[in-house]
Amino acid sequence: MNIVVLVKQVPDTWSERKLTDADHTLDRESADAVLDEINERAVEEALLLKEAHGGEVTVIAMGPARATDAIRKALSMGADKAVHVSDDSLHGSDVFATAKVLAKAIGTVEGFDLVIAGNEATDGRMGAVPAILAEYLGLPQVTQLRKLTVEGSTIKGERETEEGVAHLEATLPAVVSVTEKINEPRYPSFKGIMAAKKKPVSTLTVADLGVDAGEVGLNGAWSGVLEASPKPPRSSGQRIDDEGVGGSKIAEYLVGQKLI
């Protein structure tokens, strides 16, 4: 089966993240950039399905030139080839524009059976792109999965909720998104890292995909940030020295905070 995996380069969660002063978008240059961890799990799931059923895994990423590093990480894990959508006009795109561009990019992959994505990126945390993407592609969506299997032309998955576990299925081709419980991603081997340097990566612009540049980026976004300010430093807490009445003082404080 031919599988497409959506990956994204994001600021490392251990780095200090901030917004730019110019347009209040995420300042990606100020933090270390990595392949989003949830995307590593999406790639791993695609590789497991390829190993079980045969086929090919194509990675698709939308981002600036430096996103090539994230693409190479996915290729070093075992993906076969990649498509990199890179265009300055994409800066500041919202989830609708992102999904539209990704749908066009997926359309360049011949005969795909399955699209796998993470449930949400660690930089935006919107969690909506897979569902919107499925609408653009006109495909069934099976989202938020902790387990995924393929039986013939049918995919089956488990979604964990607060009420229990939902069992879902759909007919291929389809779009799925996975959670952090889906698997443990493999580490790229030295052989995989070296092989990734020779794997094909196609670079496309919005014009190549037939998308109007005016429909993407900040100008095409349905919402925007007008003002932003840094989070204020954390103030010191109230210290209580126990001289026999510590418990009473703590209780008084909790009552004052309406916690008890």
- Query: Which percent, nearest 5, of DSSP beta bridges in the stretch 1-80 are antiparallel?
  - Reply: 40 percent
- Query: Computed FRET efficiency, Cβ-Cβ of residue 254 and residue 198, R0 51 Å: what is it to the nearest 0.05?
  - Reply: 0.20
- Query: Between residue 226 and residue 15, what FRET efficiency follows from the Cβ-Cβ distance if R0 is 35 Å, with the result rounded to 0.05?
  - Reply: 0.85
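Report relative contact order for the stretch 62-214 in percent, whole number only (criteria: Cα-Cα under 8 Å, sequence separation at least 6).
33 percent
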- Query: Taking the alpha-carbon set of the stretch 198-260, what are its Rg and Dmax in Å?
  - Reply: 27.9, 75
- Calc'd 3J(HN,Hα), the stretch 137-147, phi into Karplus 6.51 cos²θ - 1.76 cosθ + 1.60 (θ = phi - 60°), Hz, glycine/Pro = x, comes to 7, x, 10, x, 10, 10, 10, 6, 8, 9, 8
- The farthest towards the positive end of the charge dipole of the chain, of the residues 238, 77, 96, given +1 on Cβ of Lys and Arg and -1 on Cβ of Asp and Glu, is 77
- Return the FRET efficiency for the residue pair residue 65, residue 187: r is the Cβ-Cβ distance, R0 is 35 Å, and the value is rounded to the nearest 0.05. 0.85
- Message: Can you find, among 52, 5, 34, the residue sitting farthest towards the positive end of the charge dipole of the stretch 1-90, where Lys and Arg contribute +1 and Asp and Glu -1 at Cβ?
- Response: 52
- Tell me, in nm to one decimal, what length is gained between residue 234 and residue 165 on full extension, where the rule is 0.36 nm per residue of separation less the Cα-Cα distance? 20.9 nm
- Set of lysines near residue 73 by C-alpha distance (under 24 Å), chain-local residues within fewer than 8 positions excluded: 8, 50, 81, 104, 147, 181, 191, 197, 198, 199
- Item | Charge dipole (debye, nearest 20) of the chain; +1 at Cβ of Lys and Arg, -1 at Cβ of Asp and Glu | 560 debye
- Message: Test of the criteria: in the stretch 185-252, which trypsin sites (Lys or Arg not before Pro) are in a DSSP loop and have at most 11 other Cβ atoms within 10 angstrom of their Cβ?
- Response: 197, 198, 234, 239
- Message: I'd like the Karplus ³J(HN,Hα) series for the stretch 222-238: coefficients 6.51, -1.76, 1.60, θ = phi - 60°, whole numbers in Hz, and an x wherever there's a Gly or Pro.
- Response: 7, 8, x, 9, 8, 7, 8, 9, x, 5, x, x, 5, 7, 5, x, 8
- Task: Using the Karplus curve 6.51 cos²θ - 1.76 cosθ + 1.60 with θ = phi - 60°, work out ³J(HN,Hα) for each residue of the stretch 35-43 in order, rounded to whole Hz, and write x for Gly and Pro.
- Result: 5, 4, 4, 5, 6, 4, 5, 5, 4
- Dividing the helical contributions, -39500 (n - 2.57) per DSSP H run of n ≥ 4, by the residues of the chain yields a 222 nm value, nearest 500 deg cm²/dmol, of -8000 deg cm²/dmol
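Rounded, prolate or oblate: which fits the stretch 112-236, taking a ≥ b ≥ c as square roots of the Cα gyration tensor eigenvalues, rounded meaning a/c under 1.5, else prolate when a/b beats b/c?
Cα axes put the stretch 112-236 in the rounded bin.
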- Mean shadow area of the stretch 1-100 over all directions, Cα convex hull, nm²: 6.7 nm²
- Of the options 132, 19, 209, report the single residue whose Cα projects farthest towards the positive end of the charge dipole of the chain (beta-carbon charges: Lys, Arg +1; Asp, Glu -1). 209
- When only C-alpha pairs under 8 Å and at least 6 residues apart count, what is the relative contact order of the chain, in percent? 23 percent
- Item | Protein accessible area in the stretch 174-242, 1.4 Å probe - carbon and sulfur % | 53 percent
- Item | Computed Kirkwood radius, in angstrom, where 1/r is averaged over Cα pairs of the chain | 20.3 Å
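I want the antiparallel fraction of DSSP beta bridges within the chain, as a percent rounded to 5.
Percentage antiparallel, nearest 5: 40.
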- Item | Label-point separation, residue 110 to residue 154 (7 Å along Cα→Cβ), nm | 3.1 nm
- Note on the structure: Long-range alpha-carbon pairs in the stretch 55-108, meaning those over 16 Å apart, account in percent for 43 percent
- Find how much the distance from residue 172 to residue 243 grows on full extension, using 0.36 nm per residue of separation minus their present alpha carbon separation; answer in nm with one decimal. 18.6 nm
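The values are calculated or read from the model by the stated rules, or taken from the named source; none is laboratory data. Quick caveat, the model's predicted, so the values are computed rather than measured. Here Cβ is always computed from backbone atoms with ideal geometry, including for glycine, and neighbour counts include all displayed protein chains. Ligands, DNA and RNA are excluded from the accessible area calculation, which covers all protein heavy atoms including side chains. Shrake-Rupley method; radii C 1.70, N 1.55, O 1.52, S 1.80 Å.
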